[in-house]
């Protein structure tokens with residue numbers, strides 16, 4: 001027997017699974033899918049696949065990925081901080097502002113260095 005405390009969670013998971021499964025089945029049966037070579041070919045970071053593995057790789061892809069991870073971490077820390085803000089002390093408040101200031105300085109540095117400009121190879 002399912003404990004009543006977990007019933008809501010199990011129910012939401014079951015409904016989410018059911019809706020996902022129905023949407024998946026509908027997309028397979030109702031939508032015409034034109035399969036050409038370009039859609040079926042693997043895509044790896046903007047480079048043609050199956051070339052020499054020792055070719056020069058542009059560092060720009062790594063810079064964009066690191067920037068994305070940094071701002072994801074920022075959001076991960078901002079949500080709990082904003083919820084707990086009414087009960088936090090001044091040290092917690094200003095330490096988060098210091099963290100945001102460091103991220104802003106890093107972002108401005110990357111912007112000035114041109115790391116955000118997309119250059120074709």
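What to note about this one:
- Cβ-based exposure ranking for 34, 72, in which fewest neighbours within 10 Å come first: 34, 72
- In this simple spin-label model, placing a label point 7 Å from the Cα along the Cα-to-Cβ direction at both residue 4 and residue 97 gives a separation of 4.8 nm.
- As a rough footprinting exposure proxy, the listed residues 113, 35 were ranked by other beta carbons within 10 Å of their own, and the order from fewest upward is 35, 113.
- The order of 103, 30, going from fewest to most other C-beta atoms within 10 Å of their C-beta, is 30, 103.
- In this rough spin-label picture, where each label sits 7 Å from Cα along the Cβ direction, the residue 76-residue 22 distance is 3.4 nm.
- Contour minus Cα-Cα distance for residue 30 and residue 15 (0.36 nm per residue): 3.2 nm
- Residue 90 versus residue 69: modelled label distance in nm, points set 7 Å from Cα along the beta carbon direction: 3.7 nm
Since every read-out is calculated from the coordinates, none of them should be taken as a lab result. What you see is a predicted model; the values in this text were computed from it and never measured. Here Cβ is always computed from backbone atoms with ideal geometry, including for glycine, and neighbour counts include all displayed protein chains.
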